[in-house]
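**Student:** First the structure, then my questions, so here it is.
The values are calculated or read from the model by the stated rules, or taken from the named source; none is laboratory data. Since the model is a prediction, treat every value here as computed from it, not as a measurement. Neighbour counts are summed over all protein chains in view; Cβ atoms, including those assigned to glycine, are modelled from backbone coordinates with ideal geometry. What goes into the accessible areas is simple: the full protein's heavy atoms, side chains included, and nothing from ligands, DNA or RNA. Shrake-Rupley method; radii C 1.70, N 1.55, O 1.52, S 1.80 Å.
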Number of protein chains: 4
Amino acid sequence: MSSQRKIETVERKQQLTDVALSQFALNGYHKTAVSDVVKEAGVSQGTFYWYFRSKEESALYIIEEGKRELLKVLEQGYRNEEATVEEMLLETNRLFYDFFTFAEENRNLMILLLIKGVGADTPIHKAASETFTAIEKASQRNLERARELNLLPQNMDVSIQSTLITNMVIGTISSWLFGPNLDINYKPDVSAEKMATSAAMLGFYGITGY
Amino acid sequence: MSSQRKIETVERKQQLTDVALSQFALNGYHKTAVSDVVKEAGVSQGTFYWYFRSKEESALYIIEEGKRELLKVLEQGYRNEEATVEEMLLETNRLFYDFFTFAEENRNLMILLLIKGVGADTPIHKAASETFTAIEKASQRNLERARELNLLPQNMDVSIQSTLITNMVIGTISSWLFGPNLDINYKPDVSAEKMATSAAMLGFYGITGY
Amino acid sequence: MSSQRKIETVERKQQLTDVALSQFALNGYHKTAVSDVVKEAGVSQGTFYWYFRSKEESALYIIEEGKRELLKVLEQGYRNEEATVEEMLLETNRLFYDFFTFAEENRNLMILLLIKGVGADTPIHKAASETFTAIEKASQRNLERARELNLLPQNMDVSIQSTLITNMVIGTISSWLFGPNLDINYKPDVSAEKMATSAAMLGFYGITGY
Amino acid sequence: MSSQRKIETVERKQQLTDVALSQFALNGYHKTAVSDVVKEAGVSQGTFYWYFRSKEESALYIIEEGKRELLKVLEQGYRNEEATVEEMLLETNRLFYDFFTFAEENRNLMILLLIKGVGADTPIHKAASETFTAIEKASQRNLERARELNLLPQNMDVSIQSTLITNMVIGTISSWLFGPNLDINYKPDVSAEKMATSAAMLGFYGITGY
DNA sequence: CATGAATGAGGCTTCATTCAT
DNA sequence: TATGAATGAAGCCTCATTCAT
C-alpha cells in the first residue's frame, strides 16, 4: 500500500520532516494538513504525533534546524581582516555566493524560512523572522568593522545600511529562486554566481558604479 | 433580536472591507475567520455574504483596490526628462519618498499586499504578487531610460539591477514599518524621508559612496 | 437592470408562479432558492413574499392550481354510457389521449406534480400525491361501472386493477415525456396518440391481445 | 466526553449506511442532515466523513449497493426456454413475485431507489434512474424473445410495451408498499403474491381477460 | 406594491488531535 | 513504535424570511 521499504526508525522523523517541509513549501503551512503529510509519507496519523507533539512543533523543528544550517554558512563570512575595499568586496562576494548557493540547494527550506512562514501562526512566523534578524545582525557587524577599518565613509548610518542590504539580498533570493509569483517550481535563469556578484557590486558601488 | 438594521447602507461594504483588511493584516488571511470580521463589524454572518461572494473574493477586492491606489502613486515617478545623475537621484528620492509615505499611511494594506498575501491561497497570493511585478517593471523602465540618456554605465544588467533595487525597497519597507517580526503594531523609529534618502543613496552610490 | 417591461401588477403573481414552476421542475424544490426565482423574474426578494407567505406556499399554490386543471381534463372521461367493450376502449383511448396531451403541454407542472414533488417537504408532497389518488379513484369508478354493465369479468379485483392501470399510465407519462433520467429537456420520440393507444390496448387486452 | 470508541470497527460503515438509508427513505435526501444521521448512529460528525467522502457519496454508495442486489434478483428471470404462453406467464409471475418480495423486504432501499432519489441531486438521481432503465431493458429482452418464439403477436411494439409494463410494475410497487402518499410507514393490505399475480395477469391479458 | 439590506439558523466539510489496540 | 478509527470544534457558506423605507 505504501511505497517505502523498511524505513529505519531513526530515519522516520527525518522522512516526516522532509515531507512536511516540501508540503509547507508547496502549499503553505495552513493549507498543509497533517493527513496530507502522513499520506505522502506512507504512515498513519498517529505516527506523526509520535514524533511531533503537534503540527506546529513540526514546523518549528524544521525552521530551527534550517536556521542553524543557514547561519552556519553565513557565519563563515568576513572572518579575515580585510585591508582594502577590494578585499572586502571579494569577501562579501564570497559570502553572498555561499548564501545564494545554499538557498539554491535548499529551496523548500528557503521558501518556508523567508516567505511562507509569514502565513503561519505567530510562533512559527517568529522563528522564521529570527533568521532574518540574524542575517541583518551579521551584516551590521561586518559594516561596523569595515567602518572602523576606515574602509567605509564615517558618516553612514550602519543600521539603516545593513537593513537595506539585508533586504536586498533576501528579497532578491526570493525572486531569483521562485520568480515573481513565489512559485516553488520556478527555475532561475541566472546563475548563483552572477546574482551574488551583482548584489555585491550594487551594495558596494550602487547603480552608478558599474 | 438584532439591534441594528440598515444603519449606513452605502458604507457597509467599506466598513467590512476595512475590518477585514485590518484582521487580515493582523492575523493573516487564513487565521481570520469570516465570523471574526462580522463580529468586529457588528453585523451578522449573512451580511458579509451580501457584499462579497466569498471570503476569498473579499481579499481579492481589497488587494485589487489597494494595488490600484499604490500604482497610482508609483506611476507618477520619473515623469521628467532628467539630464544629470543628480537630477535622477532627486527624482528617485522623491519617488521612494512617496512610496514610503504611502506605505506608512496604509500599513494594513501594505502588509497584506507585500507580505501576508503570501500565506493566502493562490489567487490572492497571485494578485498580491502582481503588485511586486508592477513595481519591478516600472523600476526597470526607469533604469533603461536612464541608460539611454547616458546617465548610467552601459554594461550594467538592467534586469538584475531592477530586481535588486525593487527587493531592497520593498523589503526595507517591510522591516522599517513592521520591524523584524513583521508586527503590525511596530512603530518605525526612522522617518520616511530618511529611509527614502538612504535607499536612494545606496541604490545610486552603494555603501562606499557616502 | 431587469428585463421585463412594465409587468401589470395582476400578472406579477402569475409570472412568479411560472418562473417558480419552471425552476422547481428543472432543479427540484429544495435546490431552487427563492433568490433564484426572483432573479429570473427580475424582482426583489421582498416582492416574492408579498405574493406568497413562504416558498412552500408558492409550491402548494402551483400544485393546487395544476391539480385543478388536470382533474378538469380527466373528469371529462367516461361520461357516456358505453354499451360494448369496443366503445369503452374508445372512450378510454380518448381519455388517455387527453391526459397524455395535457401532460405534453404542461411539462413543468407534470414533472412537479408526478415526480419532483416527491423530493419536497411533506405538505407539498402530500398535495402532489392527491393528484395521483384522484386519478386512481376516477379509474376505479370507471372500472366498477363497466363491470356493472357486464363489460368486464365479474371476478376481477377492481381496486387492484385501477392501481395497476393508474400506475402504468402515470409512470409511462413520466418516462415518455422525460426519458429514463427524468430530464426536463428530454424530447419524446413517440406521439401522444400512439402512447395513449398503446396504453389503452395494453390495459384492455394485455400483451397477448395485439 | 465521548462514551464510545472503536466499538465495532468493521460494522461501523454498515451501521452508518443503514441509518442514512432509513433517514433518506423517511425524509428524503435533502431533508436528511449528516448531523441527523450521526446523531441516530451515536457517533460524531467526523466519523461520518471517515467512511464517506461526502453526504452525496454515501447516498451513491447506498444506491449502487442496492441496485446490485436488486438486479441480482431480477436477472434470475426468464432463464428457461418457455414453449407456451402459459409457461411464460408462470415465469413472469415468479419474476414479479420475486421483485415484489424483494421490495417488501427492502422498503427503505426501494423508496430511495425508485422514488426519493428523484428529489436528490443529479448524480444520485441518475444512479437511481439506472435501476429503472435496467429493469426496462430486461423486460424488453424478455418480450423480444417471447415474440421470436411466436408466443406473442408479431405486430406489437416491444419497446413501448416494455415501458408500459415496467412502469406498471414499478409504480405499483410504490403505491402498494407505501400507499398513495408514499408513506414509509404504510402497511400493504395485499400480499406480494396477490399483487404479482394481478400484475402478471393484467400485463398478459388486460382487464378484459379475467 | 416594491426594494434590498439584514438576519441567523443550520448545513456540509475539514482537520488537529487523541487513544485503545 | 505504529495504526487508524474516532472526536469535536470550527470554518465557510446558503437561504428562507423579515422589515424599514
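**Student:** Run down C:L89, C:L151 and say which single residue is outside any helix (DSSP H, G or I) and closer than 20 Å to C:M201 by Cα. Before you say what the answer is, go through the steps one by one.
**Tutor:** Working: C:L89 fails: outside any helix (DSSP H, G or I).
Testing whether each residue is outside any helix (DSSP H, G or I) and closer than 20 Å to C:M201 by Cα leaves just C:L151.
**Student:** Among the residues of segment A:120-129, are any crowded, with 16+ Cβ neighbours inside 10 Å and within 17 Å of B:I170 (Cβ to Cβ)?
**Tutor:** Within segment A:120-129, one or more residues are crowded, with 16+ Cβ neighbours inside 10 Å and within 17 Å of B:I170 (Cβ to Cβ).
**Student:** Something else about it: How many of the residues making up segment B:32-56 are of a type in the set (D, E, K, R) and more than 14 Å from B:D18 (Cα to Cα)? Lay out the reasoning, then the answer.
**Tutor:** Restricting attention to segment B:32-56, the residues satisfying the condition of being of a type in the set (D, E, K, R) are B:36, B:39-40, B:53, B:55-56.
Checking the rest, the ones that are also more than 14 Å from B:D18 (Cα to Cα) come to B:53, B:56.
Residues in segment B:32-56 being of a type in the set (D, E, K, R) and more than 14 Å from B:D18 (Cα to Cα): 2 in total.
**Student:** Are any of the residues in segment A:85-100 in the same structural domain as A:W176 (by TED's automatic domain parsing), open to solvent by 50 Å² or more (accessible area, probe 1.4 Å) and hydrophobic (A, V, I, L, M, F, W, C)?
**Tutor:** Here is the first cut: in segment A:85-100, the residues in the same structural domain as A:W176 (by TED's automatic domain parsing) are A:85-100.
Cutting the leftovers down to open to solvent by 50 Å² or more (accessible area, probe 1.4 Å) gives us A:86-87, A:90, A:94, A:97.
The next check asks that each one be hydrophobic (A, V, I, L, M, F, W, C); those that pass are A:90.
For segment A:85-100, residues in the same structural domain as A:W176 (by TED's automatic domain parsing), open to solvent by 50 Å² or more (accessible area, probe 1.4 Å) and hydrophobic (A, V, I, L, M, F, W, C): present.
**Student:** Identify all residues within segment C:11-43 that are within 13 Å of DNA strand E (Cβ to nearest atom), among the small types (G, A, S) and not in a helix (DSSP H, G or I); write none if there are none.
**Tutor:** If the condition is that a residue be within 13 Å of DNA strand E (Cβ to nearest atom), among the small types (G, A, S) and not in a helix (DSSP H, G or I), then C:A33, C:G42 are the ones that fit.
**Student:** Determine which member of the set A:E56, A:E104 is surrounded by fewer than 19 Cβ atoms within 10 Å (Cβ to Cβ), in contact (Cβ under 8 Å) with a residue 60 or more places away in the chain and under 11 Å from the mean Cα position of the chain (by Cα). Walk me through it before giving the result.
**Tutor:** Numbers: A:E56 fails: under 11 Å from the mean Cα position of the chain (by Cα).
Sole residue among the options that is surrounded by fewer than 19 Cβ atoms within 10 Å (Cβ to Cβ), in contact (Cβ under 8 Å) with a residue 60 or more places away in the chain and under 11 Å from the mean Cα position of the chain (by Cα): A:E104.
**Student:** Residue by residue through segment A:119-163, note down the ones that are more than 7 Å from chain B (Cβ to nearest Cβ) and among the β-branched types (V, I, T).
**Tutor:** A:T122, A:I124, A:T131, A:I135, A:V158
**Student:** Return yes when A:I173 is among the aliphatic types (A, V, I, L, M) and in contact (Cβ under 8 Å) with a residue 12 or more places away in the chain and no when it is not. Let's see the steps before the verdict.
**Tutor:** Details: among the aliphatic types (A, V, I, L, M): yes; in contact (Cβ under 8 Å) with a residue 12 or more places away in the chain: yes.
It is true that A:I173 is among the aliphatic types (A, V, I, L, M) and in contact (Cβ under 8 Å) with a residue 12 or more places away in the chain.
**Student:** I've got another one for you. Mind telling me which of the residues D:E91, D:E64 ends up being away from chain C (no Cβ under 13 Å), over 14 Å from the mean Cα position of the chain (by Cα) and modelled with pLDDT of 85 or more? Please lay out each step first, then the result.
**Tutor:** Details: D:E64 fails: over 14 Å from the mean Cα position of the chain (by Cα).
Being away from chain C (no Cβ under 13 Å), over 14 Å from the mean Cα position of the chain (by Cα) and modelled with pLDDT of 85 or more holds for just one of D:E91, D:E64, which is D:E91.
**Student:** On the basis of being in contact (Cβ under 8 Å) with a residue 12 or more places away in the chain and open to solvent by less than 40 Å² (accessible area, probe 1.4 Å), does D:T133 make the cut?
**Tutor:** On the way: in contact (Cβ under 8 Å) with a residue 12 or more places away in the chain: no; open to solvent by less than 40 Å² (accessible area, probe 1.4 Å): yes.
So D:T133 fails the test.
**Student:** What tally of residues in segment C:44-59 results from selecting those that are more than 6 Å from DNA strand F (Cβ to nearest atom), among the small types (G, A, S) and not in a helix (DSSP H, G or I)?
**Tutor:** So the count comes out to 1.
**Student:** Might you check whether a residue that is among the hydroxyl-bearing types (S, T, Y) and either within 16 Å of DNA strand E (Cβ to nearest atom) or surrounded by 13 or more Cβ atoms within 10 Å (Cβ to Cβ) (or both) occurs anywhere in segment A:66-78? Steps first, answer last, please.
**Tutor:** Going residue by residue through segment A:66-78, those that are among the hydroxyl-bearing types (S, T, Y) are A:78.
Of the ones still in play, those that are also either within 16 Å of DNA strand E (Cβ to nearest atom) or surrounded by 13 or more Cβ atoms within 10 Å (Cβ to Cβ) (or both) are A:78.
Yes, the conditions are met somewhere in segment A:66-78.
**Student:** Considering only segment B:16-43, state which residues are within 8 Å of DNA strand F (Cβ to nearest atom) and either open to solvent by 20 Å² or more (accessible area, probe 1.4 Å) or more than 25 Å from the chain's Cα centre (by Cα) (or both).
**Tutor:** B:H30, B:K31, B:A33, B:S35, B:D36
**Student:** What residue, among those in segment D:170-189 that are within 26 Å of C:M195 (Cα to Cα) and either in a loop (DSSP other than H, G, I, E, B) or in contact with a Leu (Cβ under 9 Å, 6 or more places away or on another chain) (or both), is most open to solvent (accessible area, probe 1.4 Å)? Walk me through how you get there before you give the answer.
**Tutor:** Looking only at segment D:170-189, we keep the residues that are within 26 Å of C:M195 (Cα to Cα), and these are D:170-176, D:180.
Add one more test, that the residue is either in a loop (DSSP other than H, G, I, E, B) or in contact with a Leu (Cβ under 9 Å, 6 or more places away or on another chain) (or both), and what stays is D:170-175, D:180.
Working: D:I170: 13, D:G171: 14, D:T172: 0, D:I173: 1, D:S174: 15, D:S175: 18, D:P180: 56 Å².
The extreme case among them is D:P180.
**Student:** Would you pick out the residues in segment C:164-184 that are modelled with pLDDT of 90 or more and more than 9 Å from chain D (Cβ to nearest Cβ)?
**Tutor:** C:L177, C:F178
**Student:** A further question on this structure: Could you run through segment C:196-210 and say how many residues are assigned to a helix (DSSP H, G or I) and facing chain D (nearest Cβ under 7 Å)? Before you say what the answer is, go through the steps one by one.
**Tutor:** Of all residues in segment C:196-210, those assigned to a helix (DSSP H, G or I) come to C:196-205, C:207-209.
Narrowing further to those that are facing chain D (nearest Cβ under 7 Å): C:198-199, C:202-205, C:207-209.
Residues in segment C:196-210 being assigned to a helix (DSSP H, G or I) and facing chain D (nearest Cβ under 7 Å): 9 in total.
**Student:** Quick check: anything in segment A:74-83 within 24 Å of D:G46 (Cβ to Cβ) and either more than 14 Å from every other protein chain (Cβ to nearest Cβ) or part of a helix (DSSP H, G or I) (or both)?
**Tutor:** Residues of segment A:74-83 within 24 Å of D:G46 (Cβ to Cβ): none.
No.
**Student:** Just to be sure, is D:N142 open to solvent by 30 Å² or more (accessible area, probe 1.4 Å), polar (S, T, N, Q) and in the same structural domain as D:D98 (by TED's automatic domain parsing)?
**Tutor:** Working: open to solvent by 30 Å² or more (accessible area, probe 1.4 Å): no; polar (S, T, N, Q): yes; in the same structural domain as D:D98 (by TED's automatic domain parsing): yes.
So D:N142 does not fit the description; no.
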